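The values are calculated or read from the model by the stated rules, or taken from the named source; none is laboratory data. What you are looking at is a predicted structure, and each value in this text was computed from that prediction instead of being measured. Virtual Cβ from ideal backbone geometry, glycine too; neighbours counted across all protein chains shown. To get the accessible areas, we keep the full protein, side chains included, count just its heavy atoms, and leave off ligands, DNA and RNA. Shrake-Rupley method; radii C 1.70, N 1.55, O 1.52, S 1.80 Å.
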Amino acid sequence: MIKLQNYINGELISPVNDNWLDNYEPARGKVYSQIPDSDADDIALAVEAAKAAFPSWSKTSIDERHDCLMRIASLIEEKLDMLAAAESRDNGKPLKLATRVDIPRAASNFRFYATAAMQFSSEAHPMPGMAINYTLRQPLGVVGCISPWNLPLYLFSWKIAPALATGNTVVAKPSEITPMTAYLLSEICIEAGLPKGVLNIVHGLGHKAGAAIVDDPAVTAISFTGGTKTGAAIAAQAAPKFKKLSLELGGKNPNIIFADCDFNKMISTTMHSSFANQGQICLCGSRIYVQRSIYDQFKEEFVKRTKALTVGDPADPETKLGAIVSEPHMEKILSYVALAQEEGGTVLAGGHRVQFDGDLADGWYVEPTIIDGLAPGCRTNQEEIFGPVVTITPFDTEEEALELANGTQYGLSCTIWTEDLTRAHRMAENIHAGIVWINCWLLRDLRTPFGGTKQSGVGREGGFEAMRFFTEPKNVCIKYG
Ligand code: NDP
């Protein structure tokens, strides 16, 4: 059985304690590899390596850093098929999705931040006749990057690339549930000639390896993406040490559909925003609000299309929904379907585990599920399920839609469907969310700030926001007058 290894100081090595964790293939529910069960000793090695690499990497010319990140991007592109297959197997997502979205976007992250490094600049503030202030934006040192399982390589690279581009050295931990593409990235970094110690990838459990990264005094900043509860634990651990924090957390995103929308465009995009990656994208629209005059039409079409979605082997090109990432996560999703019914909801489509025969018999599959008839304040409508489960609710007025949309503790993203431009802008201004999509979903320009408000996070990633996060501004004031 394959044993993945940690990538520390430019080498692939086993964990100090020689303890290993099983890594499962969700489509088959079977162990197919093992990963290091790293602890504080491995993190200490990784931090030492990153500290040693920092003086040289932070002074490496921007051209060289750019070239190095570009080589990584090119290698990801060259190995796209292999990486997509690995990610699909590790995560359970349809191979088509990994091939078309996840892996190309991971390459784009490296490409984008390689070139952003060439454009990044700092400010000068002249005091006429007297002095000039200029701001140095310097790398922080050793930074920690911790990422979740749902878009493994994409979210991992989304943090690592800007950290490296700005001259930091990194200790990173992917989710232990989906470690494979992070491991393959370490091989790519070796092939690309990334200097040793600049990036260190340590595998293991969040509460052990992850917590050790947050705890280490030499780690000056943590960029974390994951659940809100974990974000709170990390914030509590990091705050007394005054670490810089960027937290990208959970969501319960509204999808608001007005009667004047382009129905065909809306319904086909709503299928994706509801069920892409088995609903395991932080930006999926899980609360769907539909204006009453088209509610029945929407319900009929949405239910029909949802029932026609193929759940199956992630490797099959016909598959629309693959496997759920883990057995506990599948149980959690199904428990929410049961809860929704206890809360008075009606299941219009799905609601069950899908059980296959043969090779996939032990895999973790859930039908795409639509629930109608729930009150806005109930737990099903308030808590993040993070699976292929959406609720639908009618509304009458724009004010009501806004109140429903804003009525949770989360504020990550929102989608609005309307052909009324004035209303679209008015709604966008008043929605509590970091990202508002109008007549589209998941359309991303990497230059724009990315992140959530309320319990969905603190800070912003994306574009120069991430470059600012990973640098410390220092003002230099020179008096000449
Ligand atoms: P978790 O919060 O469980 O884990 C995220 C990462 O943190 C994992 O690598 C995990 O390791 C690690 N971790 C767990 N506990 C600690 C700790 N005490 N200290 C340090 N690290 C720790 O999230 P999931 O992996 O379950 O991902 C799903 C969540 O991520 C959802 O809530 C989703 O909304 C959110 N998300 C948010 C996004 C955004 O941009 N806002 C984007 C994508 C997802 P381990 O796997 O070993 O537990």
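Set side by side, the residues K299, K307 differ, and just one is away from the ligand (no atom under 14 Å from the Cβ), over 20 Å from N381 (Cα atoms), modelled with pLDDT of 95 or more and open to solvent by 10 Å² or more (accessible area, probe 1.4 Å), which is K307.
Of the residues making up region 60-70, one or more are among the polar types (S, T, N, Q) and free of Cβ contacts under 8 Å to residues at least 12 places away in the same chain.
Restricting to region 242-273, and then to whatever is among the hydroxyl-bearing types (S, T, Y) and within 16 Å of the chain's Cα centre (by Cα), can you tell me which residue is farthest from R353 (Cα to Cα)?
Taking region 242-273 and keeping what is among the hydroxyl-bearing types (S, T, Y), we get 246, 268-270, 273.
Remaining after also requiring within 16 Å of the chain's Cα centre (by Cα): 246, 273.
Numbers: S246: 36, S273: 21 Å.
The residue in question is S246.
Regarding I132, is this residue hydrophobic (A, V, I, L, M, F, W, C), touching a strand residue (DSSP E or B) at 6+ places or on another chain (Cβ under 9 Å) and under 29 Å from I281 (Cβ atoms)?
Values: hydrophobic (A, V, I, L, M, F, W, C): yes; touching a strand residue (DSSP E or B) at 6+ places or on another chain (Cβ under 9 Å): yes; under 29 Å from I281 (Cβ atoms): no.
For I132, the condition - hydrophobic (A, V, I, L, M, F, W, C), touching a strand residue (DSSP E or B) at 6+ places or on another chain (Cβ under 9 Å) and under 29 Å from I281 (Cβ atoms) - is not met.
Taking region 1-77 as the region of interest, the strands (runs of 3 or more DSSP E) fully inside it that hold 3 or more residues being closer than 30 Å to A323 by Cα and in the same structural domain as A165 (by TED's automatic domain parsing) are 20-25, 30-36.
Just need a number here: residues in region 437-461 that are touching a strand residue (DSSP E or B) at 6+ places or on another chain (Cβ under 7 Å), in contact (Cβ under 8 Å) with a residue 60 or more places away in the chain and in a loop (DSSP other than H, G, I, E, B).
The total comes to 8.
Let's see how each residue does on (1) acidic (D, E); (2) touching a strand residue (DSSP E or B) at 6+ places or on another chain (Cβ under 9 Å):
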position	(1), (2)
G344	no, no
W364	no, yes
I371	no, yes
V389	no, yes
D396	yes, yes
A405	no, yes
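Restricted to region 310-329, and to residues there that are touching a residue at least 24 places away in the same chain (Cβ under 8 Å) and within 16 Å of the ligand (Cβ to nearest atom), the residue that is most open to solvent (accessible area, probe 1.4 Å) is E327. Taking the conditions (1) buried (at least 21 other Cβ atoms within 10 Å of the Cβ); (2) within 15 Å of the ligand (Cβ to nearest atom) in turn, L194 satisfies each one other than (2). Do you know which of the residues in region 147-165 that are over 18 Å from E77 (Cβ atoms) and open to solvent by 10 Å² or more (accessible area, probe 1.4 Å) is nearest to the ligand (Cβ to nearest atom)? Once the filter is applied, the top-ranked residue is P148. The residue list E403, E399 contains one member that is open to solvent by 40 Å² or more (accessible area, probe 1.4 Å) and closer than 11 Å to Y289 by Cβ, which is E403.
List the strands (runs of 3 or more DSSP E) that sit entirely inside region 340-436 and contain at least 1 residues that are in contact (Cβ under 8 Å) with a residue 60 or more places away in the chain and not acidic (D, E). Lay out the reasoning, then the answer.
On the way: elements: 346-349, 369-372, 389-395, 413-417.
Passing ranges, in order: 369-372, 389-395, 413-417.
Is it true that K244 is of a type in the set (K, R) and farther than 19 Å from G345 by Cα?
yes
Residues satisfying the criterion are absent from region 367-374 (criterion: open to solvent by 60 Å² or more (accessible area, probe 1.4 Å) and modelled with pLDDT of 95 or more).
Would you be able to say whether some residue in region 103-122 is of a type in the set (A, V, I, L, M, F, W, C), in the same structural domain as E187 (by TED's automatic domain parsing) and farther than 20 Å from G463 by Cα? No, region 103-122 has no match at all. Considering region 100-121, and only residues there that are of a type in the set (S, T, Y) and open to solvent by less than 60 Å² (accessible area, probe 1.4 Å), the residue that is nearest to L443 (Cα to Cα) turns out to be S108. Whether any residue in region 233-252 is of a type in the set (D, E, K, R) and surrounded by 22 or more Cβ atoms within 10 Å (Cβ to Cβ) is what I want to check. Within region 233-252, one or more residues are of a type in the set (D, E, K, R) and surrounded by 22 or more Cβ atoms within 10 Å (Cβ to Cβ).
Tell me which residues, restricted to region 204-227, are near the ligand (Cβ under 9 Å from one of its atoms) and either surrounded by fewer than 22 Cβ atoms within 10 Å (Cβ to Cβ) or free of Cβ contacts under 8 Å to residues at least 60 places away in the same chain (or both). If you could, list the steps in order and put the result at the bottom.
Taking region 204-227 as the starting set, the residues that turn out to be near the ligand (Cβ under 9 Å from one of its atoms) are 204-215, 222, 224-227.
Answer for region 204-227, where residues must be near the ligand (Cβ under 9 Å from one of its atoms) and either surrounded by fewer than 22 Cβ atoms within 10 Å (Cβ to Cβ) or free of Cβ contacts under 8 Å to residues at least 60 places away in the same chain (or both): L205, G206, H207, K208, A211, D215, G227.
Checked against (1) more than 9 Å from the ligand (Cβ to nearest atom); (2) buried (at least 18 other Cβ atoms within 10 Å of the Cβ); (3) closer than 17 Å to G452 by Cα, I257 passes all but condition (3).
Looking only at residues of region 177-191 that are out of contact with any Pro (no Cβ under 7 Å at 6 or more places or on another chain) and part of a loop (DSSP other than H, G, I, E, B), we find that the one that is nearest to the ligand (Cβ to nearest atom) is I177. From G231, G197, which residue is assigned by TED's automatic domain parsing to the domain that holds A44 and closer than 25 Å to G457 by Cα? It is G231.
Listed by position, the strands (runs of 3 or more DSSP E) inside region 196-251 whose residues that are of a type in the set (V, I, T) number at least 2 are 219-225.
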